[in-house]
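This report refers to the structure that appears directly beneath it.
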């Protein structure tokens, strides 16, 4: 592993410090591209305006007309946390804005991962029409659902697509579904600056535009309009859980959601999820979204029915929320068990590819008939982290009549655009990919079982062409040495209060440390006694068992633990340059 240090422009550090930003935070922010204090203003007034997002005005008019006519709206969601929160935001927001308008109904439908597959399919469109809906609204999907949208329109449904994924392509050209309205920052011609907005953020912006449209129509004024900020905790959860880049606009959405959660202002389901995860909402952080609440919501879509997750986010009954959160927690425990077994098998298969003293292949594809298709993405991520190679993990499809198809999920490394790689494989080997989609760092595909080895060889060939020694070297960006005066619990707490995540990485420091002693705990974690600038400090390296030399260059994050009533700083080791 190569540890590198981010550059923090001195002029930016100075400007932030002069504005009263803590010197350590000033350095960290500057190294992440923040150059002025204005960029740190997380107030709602600083959000990009809804009218800047292409299609929001037309979407608002379509929704307002439908509401005035008392039509039935049905939201078609995705089965991950972004889709679940987007659905809950949509249902809650539309009901909030539809009060007193003769608005007949807002319902939702979430596809089954195994039976229905991803997105708005023709079958889903037929189910929505059969349920009596007049307007179909997609959240976190739909931009590539050409056939599903066409079928919905043929059945007489109006269609509003809200999504953030990339559109479909045919013969190298972008093809959009023939929906009545599309709202997607990544559609051609949309100049909205925040291309990284999650599906839940897109739906929130549509609601902001709808509220403005209802003001124009005289339904509300500035004093009587419903407050939509109660939806921000859900927007924050979905944004972080979908691992989208935390640009300035996304950070504001997350910061606003966290402020409300810390003040106890959140839906009953979120409060119940915090309790089920053993986390304290008063000190909530973006890590809670990514590693505690998000996985519990996602587990429902992976192993069971995402309706459980959406209902948990929709209910205002604390007792019902507690019941649903406990169910989600149990499903997540099952998911962890299945993942652990699959990960062990996958790691063995991956290790078997590596000859003694040799490097791993340039890309990895693993299939086992016992794998569960709901967990392949998580296991692919673990393999990618272990080997630092683009990695796919496949399971046999559980859909009726598709038993001979393999469904795979892939995760990539910097420098290897996974969806583009699949596109090239499809062009070179017609028929080897039945379906595929995704983006640079994550993608999914379906392969006929008899052509799996052909797919594996084709993927490795693309990797050999695109990757070199530099991109195959694992790198970890850090913030350099930690000044000893910042090795304090109040600094740890100040760092935890900030919004960190994808594209705005949590602070990671690196320097030479003395390893005074080390021992294994729980058979899979390395507990360390370290010396940092001559002072003792505890450290732990989760999931690592190999011993360290007496002195080495380590990358670490700051944490605080409590022992016998005393809170102390400890280092969470992220990597070593040996």
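The values are calculated or read from the model by the stated rules, or taken from the named source; none is laboratory data. Small disclaimer: the values here were computed from a predicted structure and weren't measured. Neighbour counts are summed over all protein chains in view; Cβ atoms, including those assigned to glycine, are modelled from backbone coordinates with ideal geometry.
Annotations for the structure displayed:
- Residues of the stretch 557-574 satisfying the condition of being without any contact (Cβ under 8 Å) to a residue 60 or more places away in the chain and under 33 Å from the mean Cα position of the chain (by Cα): 557, 561, 562, 570, 571, 572, 573
- Within the stretch 196-216, the residues that satisfy the criterion of being over 16 Å from residue 252 (Cβ atoms) and either in contact with a strand residue (DSSP E or B) (Cβ under 8 Å, 6 or more places away or on another chain) or outside the structural domain of residue 145 (by TED's automatic domain parsing) (or both) are 199, 203, 206.
- Being more than 22 Å from the chain's Cα centre (by Cα), surrounded by fewer than 17 Cβ atoms within 10 Å (Cβ to Cβ) and either over 27 Å from residue 243 (Cα atoms) or outside the structural domain of residue 205 (by TED's automatic domain parsing) (or both) is a description that does not apply to residue 98.
- Candidate set: the stretch 501-541, residues that are at pLDDT 95 or above and in a loop (DSSP other than H, G, I, E, B); chosen: the one nearest to the chain's Cα centre (by Cα): 505
- Test: residue in the stretch 321-332 that is assigned to a helix (DSSP H, G or I) and in contact with a strand residue (DSSP E or B) (Cβ under 7 Å, 6 or more places away or on another chain): no
- Residue in the stretch 547-555 that is under 30 Å from the mean Cα position of the chain (by Cα) and in a strand (DSSP E or B) present: yes
- Top-ranked residue of the stretch 351-377 - restricted to ones that are without any contact (Cβ under 8 Å) to a residue 40 or more places away in the chain and in contact with a helix residue (DSSP H, G or I) (Cβ under 7 Å, 6 or more places away or on another chain), ranked as nearest to residue 421 (Cα to Cα): 364
- Taking every residue in the stretch 58-79 that is in the same structural domain as residue 137 (by TED's automatic domain parsing) and without any contact (Cβ under 8 Å) to a residue 40 or more places away in the chain and pairing it with any residue that is outside any helix (DSSP H, G or I) and crowded, with 24+ Cβ neighbours inside 10 Å, at least 6 positions away or on another chain, the pairs with Cβ-Cβ distances below 7 Å are 67/98.
- Taken together, 333, 326 contain a single residue that is in contact with a helix residue (DSSP H, G or I) (Cβ under 9 Å, 6 or more places away or on another chain) and free of Cβ contacts under 8 Å to residues at least 12 places away in the same chain, which is 333.
- Given (1) more than 18 Å from residue 255 (Cα to Cα); (2) surrounded by 15 or more Cβ atoms within 10 Å (Cβ to Cβ); (3) out of contact with any helix residue (DSSP H, G or I) (no Cβ under 9 Å at 6 or more places or on another chain), number of the condition residue 70 does not satisfy: (2)
- Boolean, residue 63 is more than 30 Å from residue 490 (Cβ to Cβ), part of a loop (DSSP other than H, G, I, E, B) and in contact with a helix residue (DSSP H, G or I) (Cβ under 6 Å, 6 or more places away or on another chain): no
- Scope the stretch 461-486; condition surrounded by fewer than 17 Cβ atoms within 10 Å (Cβ to Cβ) and touching a strand residue (DSSP E or B) at 6+ places or on another chain (Cβ under 9 Å); matching residues: 473, 474, 475, 476, 477, 481, 484
- Filtering 403, 453 for residues that are in contact with a helix residue (DSSP H, G or I) (Cβ under 9 Å, 6 or more places away or on another chain) and without any contact (Cβ under 8 Å) to a residue 12 or more places away in the chain leaves a single hit, 403.
- When the stretch 13-43 is filtered for residues that are free of Cβ contacts under 8 Å to residues at least 24 places away in the same chain and surrounded by 18 or more Cβ atoms within 10 Å (Cβ to Cβ), the ones remaining, listed by number, are 13, 21, 26, 29, 30, 34.
- Between 188, 193, the distinction of being assigned by TED's automatic domain parsing to the domain that holds residue 215 and out of contact with any strand residue (DSSP E or B) (no Cβ under 9 Å at 6 or more places or on another chain) belongs to 193 only.
- Condition check for residue 212: assigned to a helix (DSSP H, G or I), over 14 Å from the mean Cα position of the chain (by Cα) and surrounded by fewer than 20 Cβ atoms within 10 Å (Cβ to Cβ): yes
- Selection status of residue 106, in a loop (DSSP other than H, G, I, E, B), surrounded by fewer than 23 Cβ atoms within 10 Å (Cβ to Cβ) and assigned by TED's automatic domain parsing to the domain that holds residue 168: no
- Residues satisfying the stated conditions in the stretch 139-150, i.e. in contact with a helix residue (DSSP H, G or I) (Cβ under 6 Å, 6 or more places away or on another chain) and surrounded by 20 or more Cβ atoms within 10 Å (Cβ to Cβ): 139, 140, 148
- Members of the stretch 286-320 that are surrounded by fewer than 19 Cβ atoms within 10 Å (Cβ to Cβ) and assigned to a loop (DSSP other than H, G, I, E, B): 305, 316, 317
- So residue 170, is it within 23 Å of residue 436 (Cβ to Cβ) and over 25 Å from the mean Cα position of the chain (by Cα): yes
- Scanning the stretch 138-159 for residues that are in contact (Cβ under 8 Å) with a residue 40 or more places away in the chain and closer than 21 Å to residue 437 by Cα yields 138, 139, 140, 141, 142, 143, 144.
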